[in-house]
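Some notes on the structure that comes next.
The values are calculated or read from the model by the stated rules, or taken from the named source; none is laboratory data. Model, not experiment: these values are computed from the prediction. Quick reminder, even Gly has a Cβ in these numbers, built from the backbone with ideal geometry, and neighbours come from all protein chains shown. Accessible surface is based on the protein model in full, side chains and every heavy atom, while ligands, DNA and RNA are left aside. Shrake-Rupley method; radii C 1.70, N 1.55, O 1.52, S 1.80 Å.
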Amino acid sequence: SPTEGTARVLDENGKDVTNIYNIQYRFGTLEVQGIPLYVSTESAGKIYDGTALSNPDWELTGGTLEPGATIQVQEKTNISTVGTVDNIINFKVLDADGKDITSRYSFECDYGTLTIQPRALTIRTGSAQKVYDGMPLSCDAFEIIRGSLCENEQIELVGTSITNVGYSENYVLDCTVYRVEADGTRTDVSPCYRISFDYGVLRITMN
């Protein structure tokens with residue numbers, strides 16, 4: 001806050017002669033620092049499973065609370081998709097009577113991390129065969145042969161096609177994993193998966 005005051009000028013005999021001077025003031029500021037508390041938050045990690053990840057654990061590594069005061073977690077960070085974020089936790093301080101005295105303190109935090117890694121899937125695409133008829137042959141069927149989807153999630157997959165006599169592996173042209181909410185809303189969660197493929201075969205014969 002600004003500091004304000006007035007100055008007096010005295011002569012060598014101690015007489016107030018302020019009125020003969022034009023005094024201009026440049027006010028500084030005073031800042032009250034909070035009592036420092038040093039806190040570290042813990043880390044956590046898991047494979048993507050469609051649920052949120054958080055870790056409310058923390059440790060007071062330095063600083064002193066006044067007698068009877070306690071630290072409580074007010075807000076904590078959480079993530080539910082693949083990635084890494086700082087485990088930021090907001091704290092408040094209560095005195096022995098439960099009164100919020102957080103403003104008396106300043107927190108210096110060493111944050112841990114929250115990490116969700118991709119979920120692995122292996123998908124085998126379907127196979128199909130027919131006699132040449134001039135029409136494209138495709139097969140969008142598939143099966144998950146390793147790993148699994150999370151609850152309330154589904155895959156939409158589009159395979160390749162062939163028209164002429166011959167054969168080709170049934171490559172994947174598009175593969176999307178959706179999370180389906182209760183109201184039918186769909187969210188693309190494909191980045192949360194690491195998907196590999198075992199391709200089936202498309203074959204067109206002459207007879």
Subset of the range 154-207 (residues that are part of a loop (DSSP other than H, G, I, E, B), closer than 22 Å to THR122 by Cβ and open to solvent by 30 Å² or more (accessible area, probe 1.4 Å)): TYR171, TYR199
The range 49-66, residues that are within 12 Å of ILE89 (Cβ to Cβ), open to solvent by 80 Å² or more (accessible area, probe 1.4 Å) and in a loop (DSSP other than H, G, I, E, B): ASP57
Single residue of the range 67-87 satisfying the filter (open to solvent by less than 60 Å² (accessible area, probe 1.4 Å) and of a type outside the set (Val, Ile, Thr)) that is farthest from the chain's Cα centre (by Cα): GLY68
Some residue of the range 150-162 being of a type in the set (Asp, Glu), within 30 Å of the chain's Cα centre (by Cα) and closer than 25 Å to LEU53 by Cα: yes
Those residues of the range 74-133 which are among the aromatic types (Phe, Trp, Tyr) and closer than 30 Å to THR163 by Cβ, in sequence order: TYR132
Flag if ASP100 is at pLDDT below 95, open to solvent by 50 Å² or more (accessible area, probe 1.4 Å) and farther than 25 Å from VAL82 by Cβ: no
Members of the range 25-41 found to be at pLDDT 75 or above and part of a loop (DSSP other than H, G, I, E, B), listed by number: GLY34
Selection within the range 140-153 - in contact with a Leu (Cβ under 8 Å, 6 or more places away or on another chain) and either more than 12 Å from LEU173 (Cβ to Cβ) or part of a strand (DSSP E or B) (or both): PHE142, ILE144, ARG146, GLY147, SER148, LEU149
The range 113-147 - residue that is charged (D, E, K, R) and open to solvent by 70 Å² or more (accessible area, probe 1.4 Å) and, of those, nearest to GLU66 (Cα to Cα): ARG146
Boolean, ALA7 is at pLDDT 95 or above, farther than 30 Å from GLN154 by Cβ and more than 31 Å from the chain's Cα centre (by Cα): no
ILE123 vs. criteria β-branched (Val, Ile, Thr), part of a strand (DSSP E or B) and without any contact (Cβ under 8 Å) to a residue 60 or more places away in the chain: no
Members of the range 103-112 that are farther than 30 Å from GLU151 by Cα and open to solvent by less than 70 Å² (accessible area, probe 1.4 Å): TYR105, SER106, PHE107, CYS109
